[in-house]
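Here's the structure we're looking at; comments come further down.
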Amino acid sequence: MVPSLLPQVLALLLAVVAAWALLRARAANRRYTLLAEHTTDTVSRHHPDGTVTYVSPNAERVLGLAPDRAEGTALRDLCHPDDRDALRDAFSRAMDEDGPTGVMYRVPEGTSWRPVEMTLEPVRDARGRVTEVVASTRDITARVEAERVLRASQKLHRMVLDHLPDAIVTVYDPELHIVALHGADLAARGVDRAAHLGKRLRVAAPEDAQILEPELIRALAGEERLFECEGANSGRRYEVSLVPYRDAAGTPIGVISVTRDVTSRHELEQQLRHLADHDALTGLANRRRFTEELERHSAHAQRYGADGAVLLVDLDNFKQINDTLGHAVGDQVIARAADVLRDTLRVTDIVARLGGDEFAILLPHGDAEKAAETAARIVGAMRVAAEQWGVTVSVGVAAFGEAEAAVPDAVVAAADHAMYEVKRRGRDGFAVWPGASPSRQAA
């Protein structure tokens, strides 16, 4: 009796298991359907041949495909004709791979096309065979437009940077690799973009690295730097601005360098500085520069007891030259006198034209006796150089050790007193203060 019931019991058990499995599958399917209906992406299910078996309710908004007309739609009918190969290839990869496969394509929207992104993942049975492919598709119109705007902006920025007439923009990473390099006519400036990109500064430009690396390291620490330097091999002057760029947390993750060739500006500044403290006719220092040097040396002399002297040189009979031969010849005489002084003095001596036919000399080293020897050489040299014009010089000498407290005004006043003593006694000579007697005068 019992054996005859066994097949029936087994059949009943199998029916119960099958029913339970069916209920679980239906429950899972309901949960899946609920998830699909409430996600912002469109969820679709596909037969292994690609045809649609299910789409979530928002399919018409994302895919342009009404859910009630979706079943049986071929995969190739979902996209732009030019995207069919890419979509078919992605579906084939999804069938062969276990992980998700992504693809971008276009779906119809009225008379135009809209970009979407689909992620495909296969569903396999117990034997590993693909039973269906589940896809999640989202509208990426906004993202594509943002990327287009970003690309256009980046292109515009590159165009601007690549056409900067007077600057080179370099971007460094934290290890000082050159990750970007822009500027107009880089090749003409001796900069090989391809040879620099991706390389560390010390490899791409080892000579420049000696100057730039310490500054770049400070910029990576968060400092903004602005400095000028000479090009290692170009002999030109550059202004370099370094600004750290930061991540969202504010941590420096690189440096943007803007380098400008300021050689012309630097040369102009030097010319202006030269004009500001030099005489235009002779090229000698002017009164302002002489006063600065005199005050500096006087302060040093008062503090440390340094020696030195001041000589005042005045051309004799110069007014007669201007009155009879004209100012052009007078300028020649002034220029010749300047040459005589330059040739007679040492490079450490300061010679200046105070104005008109008056010159001043600062001898930083030596006592009154040495200064007198210098004055004698000047008087003799000027007799020879200006003989054709009949011009001589009167020179007054005052040593810092003799003038009261080595005060600049006192030293100059003493030298001026000595010079006029020479004038009073007949010109063409020198005198040393104090005393300024004829015995100290060279004739």
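Checking VAL329, VAL310 one by one, the residue that is crowded, with 20+ Cβ neighbours inside 10 Å and either under 19 Å from GLY390 (Cβ atoms) or at pLDDT 90 or above (or both) is VAL310 and no other.
Here is a yes/no grid of residues against (1) more than 25 Å from LEU294 (Cα to Cα); (2) out of contact with any strand residue (DSSP E or B) (no Cβ under 6 Å at 6 or more places or on another chain):
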position	(1), (2)
GLY390	yes, yes
VAL395	no, no
PHE400	no, yes
VAL407	no, yes
ALA414	no, no
ARG425	yes, yes
PHE430	no, no
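Condition check ((1) part of a helix (DSSP H, G or I); (2) closer than 24 Å to ARG143 by Cα; (3) in contact (Cβ under 8 Å) with a residue 40 or more places away in the chain; (4) not polar (S, T, N, Q)) across all residues:
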{"residue": "THR73", "(1), (2), (3), (4)": "no, no, no, no"}
{"residue": "ASP85", "(1), (2), (3), (4)": "yes, yes, no, yes"}
{"residue": "ASP89", "(1), (2), (3), (4)": "yes, yes, no, yes"}
{"residue": "SER92", "(1), (2), (3), (4)": "yes, no, no, no"}
{"residue": "GLY102", "(1), (2), (3), (4)": "no, yes, no, yes"}
{"residue": "TYR105", "(1), (2), (3), (4)": "no, yes, no, yes"}
{"residue": "PRO108", "(1), (2), (3), (4)": "no, yes, yes, yes"}
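Among the numbered conditions (1) modelled with pLDDT under 80; (2) at positive phi, the only one that ALA167 does not meet is (2).
Screening segment 220-238 for residues that are assigned to a strand (DSSP E or B) and free of Cβ contacts under 8 Å to residues at least 24 places away in the same chain and picking the one that is farthest from PRO174 (Cα to Cα) gives GLU230. The single condition among (1) modelled with pLDDT of 85 or more; (2) farther than 18 Å from HIS196 by Cβ; (3) in the same structural domain as VAL171 (by TED's automatic domain parsing) that GLY235 does not satisfy is (1). Exactly one residue out of GLU71, GLU117 is more than 15 Å from THR53 (Cβ to Cβ) and of a type in the set (Asp, Glu): that is GLU117. Selection of segment 245-294 for residues being buried (at least 18 other Cβ atoms within 10 Å of the Cβ), in contact with an Asp or Glu (Cβ under 8 Å, 6 or more places away or on another chain) and assigned to a loop (DSSP other than H, G, I, E, B) yields only ASN286. One residue alone among ALA375, ALA398, ALA337, ALA386 is within 19 Å of SER298 (Cα to Cα), in the same structural domain as VAL310 (by TED's automatic domain parsing) and crowded, with 18+ Cβ neighbours inside 10 Å, and that residue is ALA398.
Residues in segment 324-348 that are touching a helix residue (DSSP H, G or I) at 6+ places or on another chain (Cβ under 8 Å) and acidic (Asp, Glu) were compared, and the one that is nearest to THR282 (Cα to Cα) is ASP339.
The values are calculated or read from the model by the stated rules, or taken from the named source; none is laboratory data. Since this is a predicted model, take the numbers as computed values, not measurements. We place every Cβ from the backbone using ideal geometry, glycine too, and count neighbours over all the protein chains shown.
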